[in-house]
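First comes the structure, then the notes that go with it.
None of the figures in this text is laboratory data; all of them are computed from the coordinates on show. Note that the structure is a prediction, hence the values are computed from the model and not measured. Positions of Cβ are backbone-derived with ideal geometry, glycine not excepted, and every protein chain shown enters the neighbour counts.
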Amino acid sequence: MQSSPNSVSVVRLRTFTPWLMTVALSFTLSCRTDSPSVPAVDTPPCAVTKPNGNPPPGLPPTAPFHGGNGLWTTLDWPDGVVVFRPGGPGFIHKSGELEMKFPWWRAVKGRLTIEGRRLDKPAPPLQADIPEGYGDTGFQATALLFPTPGCWEVTGRAGNASLTFVVMVVKAEARQ
């Protein structure tokens, strides 16, 4: 009696399946988040803004630029997650507040204002340091002060232009 190629495959699959199931189960159990070595994190989803790559006038298009219609910034964090870590970018204040520099560009005249609110839990509003001396249009340095980690919506306004984005702010432990 001749066996078809399909029957051989079935036999191989049947002998391979228990081994594959054992490996998959072992991997799943080793990755459980309730393990003492991996702390469980209860973080609600945060619909972070992906940069649209649209640059301010006169600058080449690059991935972290985000904006248009007169106002731009950069969202230069992997997956929209702004990570604060001792020795990393930004500042962790003794009070627990988290400060990060954000560049802005204005193609419309008007003073830049920035406001923000935490989306996932109640928190004090975001604070912004917007220094003077940058003129009516063009580049504007700022620093955003997040009172707590979490999912934050940030809105900048200048003249008749506005730009809103969402980032996840995380405070990480120092690297060992």
Checklist entry - Compactness ratio of the stretch 65-171: Cα Rg over 2.2 N^0.38 Å, N = residue count? => result 1.04
Checklist outcome for this item: Extend 7 Å from the Cα of N52 along its Cα-to-C-beta direction; within the stretch 143-163, residues with backbone N under 14 Å of that point are 156, 161-163
Checklist entry - Measuring from label point to label point, each 7 Å out along Cα→Cβ, what is the A143 to N160 span in nm? => result 3.5
Item to check | Ranking of R85, R106, R157 by count of other Cβ atoms within 10 Å, fewest first | outcome: R85, R157, R106
Item to check | Simple spin-label estimate for H93 and V170 in nanometres, 7 Å along Cα-Cβ | outcome: 2.4
